Amino acid sequence: MRAAGGVEVTQLKGQVSGVNAEVYVWLPPQYKEPAYRHHKFPVVELLPGYPGSAKAWFGSLHANEQLMPLMESGRVAPFILVAPRTNLLAGVDTGCANITGTVNADTWLSVDVPKMVMDNFRAEPAPSGWAVAGYSAGAHCAVKLAVAHPDRYRAAVGMSGYNDPIAERNSLAAASPAPRAANNPYLLLKAKRTPPPIALYISGESGDGYEAGTALASVAEAPTAVHVVFLPRSAGGHTMALWRPQVKAVFRWLTLEMGKNHPHAKTGTTTTPTPHGRSTAGSTHAELASGTASRAGAARKR
């Protein structure tokens, strides 16, 4: 594993998924301090949008630079930050899904990458010590992974995401009805017989993430907790300018949710006055949430 600017990178051949790709790891300031030599640290997997670079959280979002002083002062927990490659196939979005005969993106992210981290770093075990966060297509992936695998993740953060994979026009997960439904976190959560013990933080503007969050909140039952944050159109649009300022708030929320003695709050939303806009590119809230949107109606601006 080699390092550049405090961020280490390794080429990982996933033993279960078969994926061969890079993984970036950033260690919190406490990691190498003598007082913490026997301490295990919580982990957050960081997922970019599509098409996007695994380095985006450390580059464009400056996550490690923003969080270091907060970790040093104790205002944010000392998380290990892990950014695996998600752009695994040329010209298409995997949707973080396992597509038979094509790619095992879900297994890569939720099995192989965590195993590598726990084998090589003083990382807390899953699910109690693990969370996943993303923006845009990465937000969809993060929420889907947590809902699908509550045995692997305790919390997820989705900024400007969506539920129905068809919202990303190049998504393999939306190519046919079966994987489309299997990778829709709204449908997955709604179908759960036993509500999973996970916490979700969903933020977005009207038509770009907000409705996906309220849809999830509408079907969540304790101990599942859904925290929805409505962002006004003036906040920055579907860009890094919207997501970068949210990094500190997101990690303060994760610090609380992953605290040893922090109980789940009741499922609910945190909003400014509820907007009445339409969902992404003309698909209604109900369509995108339930999986009935057409590909033409759901195409996203990226």
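The values are calculated or read from the model by the stated rules, or taken from the named source; none is laboratory data. Because the structure is a prediction, the values reported are computed rather than measured. When we count neighbours, we look across all protein chains shown, and the Cβ atoms used for this are built from the backbone with ideal geometry, even at glycine. The protein model used for the area step is the full one, side chains on, heavy atoms only, and it has no ligands, DNA or RNA in it. Shrake-Rupley method; radii C 1.70, N 1.55, O 1.52, S 1.80 Å.
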So the check is Cβ under 7 Å with 6+ separation or different chains; which pairs have a first residue in the range 157-172 that's closer than 24 Å to Ala90 by Cβ and of a type in the set (Phe, Trp, Tyr) and a second one that's at pLDDT 95 or above and open to solvent by 10 Å² or more (accessible area, probe 1.4 Å)? Tyr162/Ala212
Val16 being closer than 25 Å to Ser136 by Cα, among the aliphatic types (A, V, I, L, M), over 19 Å from the mean Cα position of the chain (by Cα) and open to solvent by 10 Å² or more (accessible area, probe 1.4 Å): no
Breaking point among (1) modelled with pLDDT under 95; (2) in contact with a Phe, Trp or Tyr (Cβ under 9 Å, 6 or more places away or on another chain), for Ser53: (2)
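I'm checking my understanding of the structure. Among residues of the range 240-263 that are among the polar types (S, T, N, Q) and either closer than 17 Å to Ala133 by Cβ or not in a loop (DSSP other than H, G, I, E, B) (or both), which one is most open to solvent (accessible area, probe 1.4 Å)? Lay out the reasoning, then the answer.
As a first pass, look at the range 240-263 and keep what is among the polar types (S, T, N, Q): 246, 255, 261.
From what is left, the residues that are either closer than 17 Å to Ala133 by Cβ or not in a loop (DSSP other than H, G, I, E, B) (or both) are 246, 255.
On the way: Gln246: 19, Thr255: 35 Å².
Residue satisfying both the conditions and the ranking: Thr255.
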If I go through the range 1-60 residue by residue, how many of them are in a strand (DSSP E or B), over 20 Å from Pro78 (Cα atoms) and touching a residue at least 40 places away in the same chain (Cβ under 8 Å)? 4
Residue count, the range 195-235 (criterion: modelled with pLDDT of 95 or more, touching a Leu at 6+ places or on another chain (Cβ under 6 Å) and open to solvent by 10 Å² or more (accessible area, probe 1.4 Å)): 1
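Give Ala167, Ala156, Ala146, Ala139 a once-over and let me know the one that is under 20 Å from Tyr50 (Cβ atoms), open to solvent by less than 10 Å² (accessible area, probe 1.4 Å) and modelled with pLDDT under 95. Even if it seems obvious, please write down each step before you answer.
Details: Ala156 fails: modelled with pLDDT under 95; Ala146 fails: modelled with pLDDT under 95; Ala139 fails: modelled with pLDDT under 95.
Exactly one of Ala167, Ala156, Ala146, Ala139 is under 20 Å from Tyr50 (Cβ atoms), open to solvent by less than 10 Å² (accessible area, probe 1.4 Å) and modelled with pLDDT under 95, namely Ala167.
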Does the range 115-139 hold any residues that are under 30 Å from Ser206 (Cα atoms) and aromatic (Phe, Trp, Tyr), and which are they? Trp130, Tyr135
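Hey, does the range 59-66 have a residue that's charged (D, E, K, R), modelled with pLDDT of 95 or more and under 23 Å from Tyr135 (Cβ atoms)? Working first, answer last.
We begin by selecting, within the range 59-66, every residue charged (D, E, K, R); these are 65.
Okay, now just the ones that are also modelled with pLDDT of 95 or more, so 65.
Keeping just the survivors that are under 23 Å from Tyr135 (Cβ atoms) gives 65.
So far as the range 59-66 goes, yes, one or more of its residues are charged (D, E, K, R), modelled with pLDDT of 95 or more and under 23 Å from Tyr135 (Cβ atoms).
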